[in-house]
Structures are given as structure tokens and as C-alpha cells.
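The values are calculated or read from the model by the stated rules, or taken from the named source; none is laboratory data. Given the structure is predicted, the values throughout are model-derived calculations rather than measurements. Glycine gets a Cβ as well: all are built from the backbone with ideal geometry, and neighbour counts include every protein chain shown. Just so you know, the surface numbers come from the protein's heavy atoms only, side chains and all, with ligands and any DNA or RNA stripped out. Shrake-Rupley method; radii C 1.70, N 1.55, O 1.52, S 1.80 Å.
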Amino acid sequence: MDYFLTEEQQMIKEVARKIAEERIKPLRAELDEKEEFPRELLKVIAQSDLFGVFIPQEYGGFGGGSFENCLAVEELSRGCLGVSTSFAASGLGSDPILLYGSEEQKKKYLPEVAAGRKLAAFALTESTAGSDAGGILTSAELKGNEYVLNGTKQWITNAGEADLYSVIAITDRSKGPRGASAFIVEKGDPGFGFGKKESKMGIRASATGELIFNQCRIPKDRLLGREGMGFIAAMKTFDLSRPGVGAQGVGLAQAALEEAVQFARTRVQFGKPIMTFQAIQHMLADMATLIEAARALVYSAARFIDSGAKDVSKISAMAKVFASDAAMKVTTDAVQVFGGTGYMRDYPVEKMMRDAKILQIYEGTNQVQRNIIGQELNKEGGRKKG
Ligand SMILES: Cc1cc2nc3c(=O)[nH]c(=O)nc-3n(C[C@H](O)[C@H](O)[C@H](O)COP(=O)(O)OP(=O)(O)OC[C@H]3O[C@@H](n4cnc5c(N)ncnc54)[C@H](O)[C@@H]3O)c2cc1C
């Protein structure tokens, strides 16, 4: 399928694919087994300038947008979803700076992220606040020229590994949803530390852990935007990033399909390759069709965002929900095509199936995405836009 990529977009895709094939694939099983953070691979990705594909040129990036980011994420995800999650989470962590940062903040932080010298992370979730972000307890109080943060964030991707953290904290509890604000916290800030590191079902190469703020003091110019904009910043960040989760699903599902086709062509039962059985062909045909539909939706959503459209919540949620459900189905079916072999750790499809599950959970569960789509439909009152 031709998506009419420009020369530069084609180059991003090829660079990311080469890294996935030559550098990530040979290491993915070991990283998964050892739950090891892919520091060296992230350096390779940085050397290829992929961290900056969506960052404007004036801040040291390539000057692309959500679409270019999706191309890079898709190809890296073909290699290993744990590695692509570590990569994509840095984009997620820098999105609030891109969206709400002052000129000084952008100049200070974005070139570092674009060059891959600094890794970023995004911290909203707490033990009391998952789907219901309004339940966060982490507080930030202005004292003189500093904000003092207290609280604990959980399940933060790149925790302990990232240098910069976009953190959502309550500045005025009496204001409800308008009482949260967004801050940049740097590794090494006084009173900022890391707690439990999680052991996970999938994406085991990525680091997931706690951030602990204990009388953590940061200069007041680390506030992003204005006080009270924390939840808006979080929601706009997700609007921007969710097609990227969809792109992870597309890349992962594509990798699973390729493994399944190769296996089906060589595995012989009843005297013939299993590929010749119509039941197997139909399963593979459905997998391929789902992937192409997911890719088309993800690319459309990303291009819509890059067009400068304001109202992107619905299409962004659709891209995430459709492509992540597709990835779960395709990776599960890939294991089925492999039969018992697919259940064994010697083959990559069992890891792909374990990895796929997270795409239906993080950056808002797929139930929450359907809530967003439903609410937008209600707002539109049945009138199709565009
Ligand atoms: C590996 C991993 C990495 C993560 N990385 C980050 C990160 O970098 N930064 C960050 O801030 N967070 C991160 N998270 C947190 C993630 O975004 C949350 O897990 C997710 O938003 C869901 O919250 P929860 O797990 O508390 O589930 P809950 O909110 O407790 O939901 C439990 C179940 O109830 C359903 N549910 C809840 N409310 C509704 C509703 N209103 N309607 C219908 N169904 C509902 C959910 O869909 C789910 O099935 C990460 C999580 C994991 C597992």
C-alpha cells in the first residue's frame, strides 16, 4: 500500500527499520528475559536523530510532526515493543513542553530531548488515580521562589532512567479539575527520588516505576503554562500521543503477521505446508486486513493532528483503540498459527502477544477511549464532521 510518503518520511521509516532489523531484533529476547533497560539501543536511535523527528527545527529537531513520529514508532515496534515504549515515552514526556512550555523552557529542554541526550517521562498516574486522573494526591505548593512537591507517582515509564519528568500535581485542591498544574522536574532535584521498579508481563525492556516527591523543591519557573492547566495539559498531551500508541500496535502486529506467514509456509502437517489450508489462509488474511485498516486510521489521525486541527480527541482515541485492539487480536492469532511452537519462548510470537496487552491499557484504557469517542459523538449530536 502506498501512503505517498515524502523522501524525508521514507528516510525516517528506512532508518528506523534498519535499527529494528539489525540492532533491536538480535537483542530483544535477552532484554525481555533479563528485564534490562535498552540504554545502548536508545543511544543508537539517538545517533540516527529519531528522537527529534517531531520537534521543530528551531529547537534542534527535524521539524516533522505526529506523522513522522508514528512512522519511527511503527518501525521500532516491529523490532521490540519494550524498546519502542522507552523511545515513545520520551516523546510523551516532552509533549507538554512542546505544547505549553515558555520560549526559555523550550530552548532549554527540547534540543536535549531531540538529540537524545536527555530522556523524558510523563507522570500522571498514582495509586488513587488511574482512569480517574482527578484522584491525584501529589501536591505542589508555591513557597517563595520555589514549588514544593509531595506525593508518589506509580507505573511511570522511564522512571529512574529519564532525566526530565513532566509531572501533574495539585496546586489548589479547592478548584477541583482546575486545581492541577504541570511541572518539569529534573533528575537530581532535591527531594526527588525513585521507588519500586515493576516486574511486568510484557514490554519488559522498558522501565516502569515509582517517582517519590518528598519536600521536593523546584524553581518556580519550572511551571508549564499557568497554574490550573495541569489536566488540560495532560489531555492535550494524550490527544497528541495516542496515534503513537496506535503506531506501536501497527508495527507490532506487522511483525507478528510476518512471523506467522513465514512459519505457515514452512510448517508441514498432513503432508503439506499449513499455509495451504484455507483455515490458516483466512486467519492470515484477516490479520493482514486488520493491520492495513489500523495503519490507514493511525496515519489519517496523525496527519489530521499535523494539519493544525483543534478538535482531535475523537480521531486520536479511535486510532489508539482500533490499532491496539488489532495488535492484541493479530498477535494472539499469530500464536495460534504457530500452534504449540508459538507458546514456546524460543519463538518471538509469545513475547509479541504479552507485549500487545499494554497497548489496550496505557495512555488511557480502551474503555476510556470508547468513553471519549462516545462523549464526542454526543457533543456532535449526530452530525458528521468533515
Ligand atoms: C506498563 C505501564 C506503563 C505505564 N506508563 C505510564 C506513564 O508513563 N505515565 C503515567 O502517568 N501512567 C502510566 N501508566 C498508567 C496507565 O496509564 C494506567 O494504568 C491506565 O490509565 C489505567 O489506570 P488503572 O491501571 O489504574 O486502571 P483503573 O482506572 O483502575 O481501571 C480498571 C478497569 O476499569 C475500567 N474503567 C475505569 N474507569 C472506567 C470508566 N469510567 N468507564 C469504563 N471503564 C472504566 C478500566 O478500563 C479498566 O479495565 C502505565 C501503566 C502501565 C501498566
* Structure fact -> Whole-number value, in Å³ per residue, for the convex hull of the alpha carbons of the stretch 316-386 is 93 Å³
* To do: Normalising by the residue count of the stretch 229-321, find the relative contact order in percent from Cα pairs under 8 Å and 6+ residues apart.
  => 42 percent
* Using a ≥ b ≥ c from the Cα gyration tensor of the stretch 38-128 (square roots of the eigenvalues), is it rounded, prolate or oblate, where a/c under 1.5 gives rounded and otherwise the larger of a/b and b/c decides, a/b for prolate? -> oblate
* Asked: Dividing the alpha-carbon Rg of the stretch 273-321 by 2.2 N^0.38 Å yields what?
  -> 1.65
* **Apportionment of accessible area to carbon and sulfur, the stretch 313-358, percent (1.4 Å)** => 61 percent
* To do: Straight distance only, please: which aspartates and glutamates reach the Cα of Lys187 with their own Cα at less than 15 Å, same-chain residues fewer than 8 apart left out?
  => Glu112, Glu161, Asp163, Glu210
* Asked: Taking a ≥ b ≥ c as the square roots of the eigenvalues of the Cα gyration tensor of the stretch 295-334, is the shape rounded (a/c under 1.5), prolate (a/b larger than b/c) or oblate?
  -> prolate
* Structure fact -> Computed on Cα atoms only, the convex hull of the stretch 150-253 has an orientation-averaged projected area in nm² of 7.6 nm²
* Please state, as a whole number in µm²/s, the translational diffusion coefficient that the Stokes-Einstein equation yields for the stretch 238-386 at 4 °C and 1.567 mPa s, with Rh defined as the Kirkwood radius across alpha carbon pairs. => 80 µm²/s
* Structure fact -> Computed curve, the stretch 173-219, Cα-only Debye sum without solvent term, log₁₀ I(q)/I(0) at 0.28 Å⁻¹, is -0.99
* To do: Return a whole-number percent for the relative contact order of the chain, with Cα pairs under 8 Å and 6 or more residues apart as the contact set.
  => 16 percent
* Charge dipole magnitude, Cβ of K and R +1, D and E -1 - the chain, Cα centre, debye nearest 20 -> 640 debye
* Structure fact -> Cα-based Rg and Dmax for the stretch 78-204, in Å, come out at 14.9, 49
* Asked: Roughly how many Å² of Met353 are accessible to a 1.4 Å probe, to the nearest 10?
  -> 70 Å²
* Structure fact -> GNM on the chain, Cα springs under 10 Å; top mean-square fluctuation among Phe194, Phe277, Phe37 goes to Phe277
* Rounded tilt (10° steps) of 278-306 against the dominant C-alpha axis of the chain -> 30 degrees
* For the chain, what is the convex hull volume of its Cα atoms per residue in Å³? -> 137 Å³
* Spin-label model distance (nm) - Thr128 vs Lys220, 7 Å beyond Cα toward Cβ -> 2.7 nm
* To do: Return the single residue from Ala264, Ala309, Ala253 with maximal mean-square fluctuation; model: Gaussian network over the chain, springs between Cα atoms under 10 Å.
  => Ala309
* **Isotropic mean projected area of the C-alpha convex hull, the stretch 14-66 (nm²)** => 4.2 nm²
* Counting Lys and Arg as +1 and Asp and Glu as -1, each charge on the Cβ, what is the dipole of the stretch 79-203 about the Cα centre in debye, to the nearest 20? -> 100 debye
